[in-house]
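> Sending over a structure as structure tokens; questions will come in a sec.
The values are calculated or read from the model by the stated rules, or taken from the named source; none is laboratory data. Note that this is a predicted model, so its numbers are computed, not measured. Heads up, the Cβs are rebuilt from the backbone with ideal geometry, glycines too, and the neighbour counts pull from every protein chain shown. Side chains are part of the model used for accessible areas, which takes the heavy atoms of the whole protein and leaves out ligands, DNA and RNA. Shrake-Rupley method; radii C 1.70, N 1.55, O 1.52, S 1.80 Å.
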Protein chains: 2
Amino acid sequence: MKGYEHLAQWVSISDSPADRENHSSDISGHSPHKPDIIAYPESTAQIARLLTWANTEKIPVTPWGAGTSAEGNPIPVRGGICLSLERMHRILKLSIEDRLAVVQPGVKYRELNRQLAGTGWFFAVAVGGDATIGGMIANNAAGPKAVKYGATKAHVLGLEVVLADGRVIRTGGRSAKQSCGYNLTQLFVGSEGTLGVITEAIVRLTPEPTFEEALVAQFPSVAHALHCASTLSGLDAGAIEFLDRAYMGFLGEEPADTLFCEFHSIGDGAEAERRCWAAGAIAVRRATEAVERARLWAARLRAYTASAEANPGARLLTTDTAVPVGKLQEMVSFLQRELSRRNLTGYLLGHAGDGNVHVILPWLNEAQRQAVNGFSLAAVEKSLSLGGTASGEHGVGIGKRHYLKGEHGANAVGLMKEIKSLLDPARILNPGKLLPD
Amino acid sequence: MKGYEHLAQWVSISDSPADRENHSSDISGHSPHKPDIIAYPESTAQIARLLTWANTEKIPVTPWGAGTSAEGNPIPVRGGICLSLERMHRILKLSIEDRLAVVQPGVKYRELNRQLAGTGWFFAVAVGGDATIGGMIANNAAGPKAVKYGATKAHVLGLEVVLADGRVIRTGGRSAKQSCGYNLTQLFVGSEGTLGVITEAIVRLTPEPTFEEALVAQFPSVAHALHCASTLSGLDAGAIEFLDRAYMGFLGEEPADTLFCEFHSIGDGAEAERRCWAAGAIAVRRATEAVERARLWAARLRAYTASAEANPGARLLTTDTAVPVGKLQEMVSFLQRELSRRNLTGYLLGHAGDGNVHVILPWLNEAQRQAVNGFSLAAVEKSLSLGGTASGEHGVGIGKRHYLKGEHGANAVGLMKEIKSLLDPARILNPGKLLPD
């Protein structure tokens, strides 16, 4: 803890081997790296003091939510301080009347929704992991519900942020509508902790659907399934997810290209079923009762876990391309062809309503790592050629930094670097992430 | 045109008195100011060349869409060049398949929607004026549909922007989902032409509602009407608008506090009617047929025009506060009390579903100008005290610059100024707007 001891006078810190180990990796396959210490601040003032000092001393500070991110976003690759937000876990305000919650960054979104149970309102972003709201904002996380409600960025009304030099700013506000000055809120959403530390967030609450119907439909081909998905627009769909026949077979299900949907308006499930049959479905099942809905969706719900469990000891690379939705079929066909051509195991899972598709690729050794990285690069290049992005919802993190110029061009990346230099001239905040060197 | 003649070799310019007059004011009450010349570029390259020169020569450049903004946003208060985007009016791509349009900034949103007629898709922001999409993006315009679809910022997937020094950048992309690097798109949305000139936009298309039902309900008090509005959440409302009894009376209608709503799901109109009666409505009318819907909404549709026409020769100040929706009733009561206490004529119109309310105040002379400005300041101070904003949808422009610090604090405004200095160090872009001096 050499050099850090004096911090202990006003903030909890730890350099225990277990703590350092626990803050060295996320769910991505990126190599772990331990921080020198973990700091557990309990207030904005402590974070401001810590950053002021670290900025002067040029010590790396990497914010940490729950470690559930998928691109190495919170791995402290340059050591220094891991800034855990776990003790900033208070819900400061719940206002149904104003349709907002004010939360500290360490609040888990599931906890917020537990507190909201019975009110008819919820925080409408759901991701796979038990993520913190601060982490979801920093990474602009999305998930299956985004097809209806949008990504996290659509749910943030305002932030409190501590800048690298310790300045505390407030962005946005409590009003649902705001058009008053530069949108600093969205500068920090998705900035992955590289521009400031989010210490408080005002998030929007959404009315819970009063009706939910699940629909699962099997198709004779990817083309049929994704064409069908594109015909479901205009219906009140809460999710339009896709698993290919290989993934379904791996999960022990009927090996068919399958859509998993959810509808929130009475009558839309029946209309969707008609469209599924018209699009060539070979089987369609619907359910409105909760247990039955979960049963229909079971394969989708356990997909990620099952692919991890089937490969003990392996690391997983997860691609995250998103293309204009009309290009999804071409993208998925390309990914399947490349998996086959490269003789790779990969599990293909799509947020079909948004054009976002993941391929989960296990790897065990250096040769396999290079093989899956080669596949990832090919996927990104194809996505960009179709007008898509390298990252739909996981962020840039470590591994996608070198795709940024290809996607945005040198001028835009140049401007991103200028903004980084403006906000964090000593480059202490989450170094080695998001921007290429 | 002294000093500008050489521009004519490669871009259309004009200094005719009529042209200068036509580009000296918007619909706000702010004093007109003429540009030295108007430039009519036809390409991004011409804009880049013009900005490169103006930046070197430190000549003000103020972008101009259609002049329909409400806060003086495009008035060239420091003279120089008015950069009209009217010749950049091409729709470059319409893709129903990908649910997007690529447009030049001078495309009017109504023209885009005319081109989309019959496709089942539309650009889902509607403002009162015949605005350009570039202008709507620059001001983050909203309007009645925002309660369902969000403001313009929710509809922009990507931009091409020319920076003050002539650099051309591309932000975002064509994918509905994006989480790949800093959100430069939202840095320019709502920046009112002070950070760059938008030369192309990728905008989201939205499925048209397949069903529309209008509902107009009268209430015995503001409190009843706005309480009712708050109970309509969870229904598929395309608009929830409010006119107070004074405005209704002025319009020659039954002088009752009135909600104007639109619903897009079958059954929601009937459910809304039940909620209106439960909330104490004294009259409720509904209609699904187009002509009848327009008739029900007639008072709301002609409200702004009628208040302008009733005050020939007057200028109009329009307040634009937006508060957390649970605070709307307190805000409206305050505004009504202040109008009465100050003995002012003011027309009160609310986007009740969003907490956004306008008071339109005519003024004819300096004494009246001071009186309406005093009211505006009181409205903003009240809004901020309720956690609201000085501007829900019109932007900052000229008159609200001095409210920025009160709303966002000195540190946040300081960061906005640093960003301005980074992007426009010579301060040529729309000087005198958005930021306080």
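> Hey, can you tell me all the residues within the range B:185-212 that are within 21 Å of B:I47 (Cβ to Cβ), within 7 Å of chain A (Cβ to nearest Cβ) and buried (at least 24 other Cβ atoms within 10 Å of the Cβ)?
Here is the first cut: in the range B:185-212, the ones within 21 Å of B:I47 (Cβ to Cβ) are B:185, B:187-203.
Applying the additional criterion that residues be within 7 Å of chain A (Cβ to nearest Cβ) yields B:187, B:189-191.
Across the range B:185-212, the qualifying residues are B:V189, B:G190, B:S191.
> Select from the range B:159-184 the residues that are more than 7 Å from chain A (Cβ to nearest Cβ), assigned to a loop (DSSP other than H, G, I, E, B) and among the hydrophobic types (A, V, I, L, M, F, W, C) and list them in ascending order.
Restricting attention to the range B:159-184, the residues satisfying the condition of being more than 7 Å from chain A (Cβ to nearest Cβ) are B:159-166, B:172.
With the extra rule that they be assigned to a loop (DSSP other than H, G, I, E, B), the set shrinks to B:163-166.
Matches in the range B:159-184: B:L163, B:A164.
> Any residue in the range A:250-268 that is over 12 Å from A:T288 (Cβ atoms) sitting within a Cβ distance under 6 Å of a residue that is aromatic (F, W, Y) and part of a loop (DSSP other than H, G, I, E, B)? List the pairs, counting only those 6 or more apart or interchain.
A:F260/A:W297
> Just one of A:V127, A:V147 is part of a helix (DSSP H, G or I), on the phi < 0 side of the Ramachandran plot and more than 7 Å from chain B (Cβ to nearest Cβ); which is it? Step through it out loud before you land on a result.
Details: A:V127 fails: part of a helix (DSSP H, G or I).
The conditions single out A:V147.
> With the structure loaded, tell me whether B:T171 is more than 30 Å from B:L232 (Cβ to Cβ), in contact (Cβ under 8 Å) with a residue 60 or more places away in the chain and open to solvent by less than 10 Å² (accessible area, probe 1.4 Å) or whether it fails that test.
Values: more than 30 Å from B:L232 (Cβ to Cβ): yes; in contact (Cβ under 8 Å) with a residue 60 or more places away in the chain: no; open to solvent by less than 10 Å² (accessible area, probe 1.4 Å): yes.
Considered against the rule, which asks whether it is more than 30 Å from B:L232 (Cβ to Cβ), in contact (Cβ under 8 Å) with a residue 60 or more places away in the chain and open to solvent by less than 10 Å² (accessible area, probe 1.4 Å), B:T171 comes out as no.
> How many of the residues making up the range B:252-266 are over 21 Å from B:T231 (Cβ atoms) and either buried (at least 20 other Cβ atoms within 10 Å of the Cβ) or of a type in the set (D, E, K, R) (or both)?
So the first thing to find is which residues in the range B:252-266 are over 21 Å from B:T231 (Cβ atoms), and the list is B:252-255.
Among the residues that remain, those that are also either buried (at least 20 other Cβ atoms within 10 Å of the Cβ) or of a type in the set (D, E, K, R) (or both) are: B:253-254.
So the answer is 2.
> Would the range B:270-279 turn up any residue that is among the small types (G, A, S), over 24 Å from B:K327 (Cα atoms), part of a helix (DSSP H, G or I) and within 14 Å of chain A (Cβ to nearest Cβ)? Before you say what the answer is, go through the steps one by one.
Let us first name the residues in the range B:270-279 that are among the small types (G, A, S), namely B:270, B:272, B:278-279.
Add one more test, that the residue is over 24 Å from B:K327 (Cα atoms), and what stays is B:270.
Subsequent filtering for residues that are part of a helix (DSSP H, G or I) retains B:270.
Cutting the leftovers down to within 14 Å of chain A (Cβ to nearest Cβ) gives us B:270.
Yes; the residues of the range B:270-279 include at least one that is among the small types (G, A, S), over 24 Å from B:K327 (Cα atoms), part of a helix (DSSP H, G or I) and within 14 Å of chain A (Cβ to nearest Cβ).
> Scan the range A:27-72 for residues that are in contact with a Lys or Arg (Cβ under 7 Å, 6 or more places away or on another chain) and closer than 16 Å to A:L434 by Cα and jot them down.
Of everything in the range A:27-72, those that are in contact with a Lys or Arg (Cβ under 7 Å, 6 or more places away or on another chain) and closer than 16 Å to A:L434 by Cα turn out to be A:P60, A:E71.
So that you can scan it fast, the table gives a plain yes or no per residue for (1) among the hydroxyl-bearing types (S, T, Y); (2) modelled with pLDDT under 95; (3) not assigned by TED's automatic domain parsing to the domain that holds A:G346:
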site	(1), (2), (3)
A:A378	no, no, no
A:K382	no, no, no
A:L386	no, no, no
A:S391	yes, no, no
A:L404	no, no, yes
A:A410	no, no, yes
A:V413	no, no, yes
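> I'd like the full set of residues that are acidic (D, E) and either within 14 Å of chain B (Cβ to nearest Cβ) or assigned to a loop (DSSP other than H, G, I, E, B) (or both), limited to the range A:337-364. Don't jump to the end; show me each part of the working.
Residues of the range A:337-364 acidic (D, E): A:338, A:354.
Within the range A:337-364, just A:D354 meets the criteria.
> So for the range B:302-322 (the condition being open to solvent by 30 Å² or more (accessible area, probe 1.4 Å), modelled with pLDDT of 95 or more and among the aliphatic types (A, V, I, L, M)), does at least one residue qualify?
Taking every residue of the range B:302-322 in turn, none turns out to be open to solvent by 30 Å² or more (accessible area, probe 1.4 Å), modelled with pLDDT of 95 or more and among the aliphatic types (A, V, I, L, M).
> Search the range A:398-413 for residues being assigned to a helix (DSSP H, G or I) and within 8 Å of another protein chain (Cβ to nearest Cβ), and hand back the single one that is most open to solvent (accessible area, probe 1.4 Å). Break it down into steps so the answer makes sense when it comes.
Restricting attention to the range A:398-413, the residues satisfying the condition of being assigned to a helix (DSSP H, G or I) are A:401-413.
Now narrow it down to the ones that are within 8 Å of another protein chain (Cβ to nearest Cβ): A:403-404, A:407-409, A:411-413.
On the way: A:Y403: 19, A:L404: 0, A:E407: 36, A:H408: 20, A:G409: 26, A:N411: 65, A:A412: 1, A:V413: 1 Å².
Here the residue is A:N411.
> Name every residue in the range A:232-262 that is more than 21 Å from A:G326 (Cα to Cα), in contact with a Lys or Arg (Cβ under 7 Å, 6 or more places away or on another chain) and of a type in the set (G, A, S), in order of residue number.
A:A256
> With the structure loaded, tell me whether A:T231 is over 30 Å from A:I398 (Cα atoms), touching a residue at least 12 places away in the same chain (Cβ under 8 Å) and not assigned by TED's automatic domain parsing to the domain that holds A:S69 or whether it fails that test. Reasoning before the result, please.
Numbers: over 30 Å from A:I398 (Cα atoms): yes; touching a residue at least 12 places away in the same chain (Cβ under 8 Å): yes; not assigned by TED's automatic domain parsing to the domain that holds A:S69: yes.
So A:T231 fits the description; yes.
> Still on this structure: Taking the range A:214-228 as the search range and keeping residues that are open to solvent by 10 Å² or more (accessible area, probe 1.4 Å) and touching a residue at least 60 places away in the same chain (Cβ under 8 Å), which one is farthest from the other protein chains (Cβ to nearest Cβ)? Can you show your working first?
Restricting attention to the range A:214-228, the residues satisfying the condition of being open to solvent by 10 Å² or more (accessible area, probe 1.4 Å) are A:218, A:220-224, A:226-227.
So of that shortlist, the ones also touching a residue at least 60 places away in the same chain (Cβ under 8 Å) come out as A:218, A:220, A:222-223, A:226-227.
On the way: A:Q218: 24, A:P220: 22, A:V222: 17, A:A223: 14, A:L226: 12, A:H227: 11 Å.
Per the stated criteria, the residue is A:Q218.
> Here is a follow-up. Confirm whether B:P41 is assigned by TED's automatic domain parsing to the domain that holds B:G166 and surrounded by 20 or more Cβ atoms within 10 Å (Cβ to Cβ). If you could, list the steps in order and put the result at the bottom.
Numbers: assigned by TED's automatic domain parsing to the domain that holds B:G166: no; surrounded by 20 or more Cβ atoms within 10 Å (Cβ to Cβ): yes.
Against the criterion (assigned by TED's automatic domain parsing to the domain that holds B:G166 and surrounded by 20 or more Cβ atoms within 10 Å (Cβ to Cβ)), B:P41 does not qualify.
> Only one of (1) under 21 Å from B:E71 (Cβ atoms); (2) in contact with a Leu (Cβ under 9 Å, 6 or more places away or on another chain); (3) within 9 Å of another protein chain (Cβ to nearest Cβ) fails for B:K327. Which number is that?
(1)
> If we keep just the residues of the range B:130-142 that are crowded, with 22+ Cβ neighbours inside 10 Å and assigned to a loop (DSSP other than H, G, I, E, B), which is farthest from the other protein chains (Cβ to nearest Cβ)?
At the first step, the residues of the range B:130-142 found to be crowded, with 22+ Cβ neighbours inside 10 Å are B:131-142.
Now restrict to residues that are assigned to a loop (DSSP other than H, G, I, E, B): B:131, B:140-142.
Values: B:A131: 14, B:N140: 4, B:A141: 8, B:A142: 6 Å.
So, considering only residues that are crowded, with 22+ Cβ neighbours inside 10 Å and assigned to a loop (DSSP other than H, G, I, E, B), the one farthest from the other protein chains (Cβ to nearest Cβ) is B:A131.
> With farther than 19 Å from B:N140 by Cα and more than 9 Å from chain A (Cβ to nearest Cβ) as the only criterion, which of B:L429, B:L377 stands out?
Numbers: B:L429 fails: farther than 19 Å from B:N140 by Cα.
Checking each option against the conditions leaves just B:L377.
> Based on this model, can you work out whether B:S383 counts as crowded, with 24+ Cβ neighbours inside 10 Å and assigned to a helix (DSSP H, G or I)? Give the steps one after another, and end with the answer.
Values: crowded, with 24+ Cβ neighbours inside 10 Å: yes; assigned to a helix (DSSP H, G or I): yes.
Answer is yes for this residue.
> Continuing with this model, one more query. Quick one: which residue in B:R78, B:R49 is in a loop (DSSP other than H, G, I, E, B) and either buried (at least 20 other Cβ atoms within 10 Å of the Cβ) or touching a residue at least 24 places away in the same chain (Cβ under 8 Å) (or both)?
Values: B:R49 fails: in a loop (DSSP other than H, G, I, E, B).
When all the criteria are applied, what remains is B:R78.
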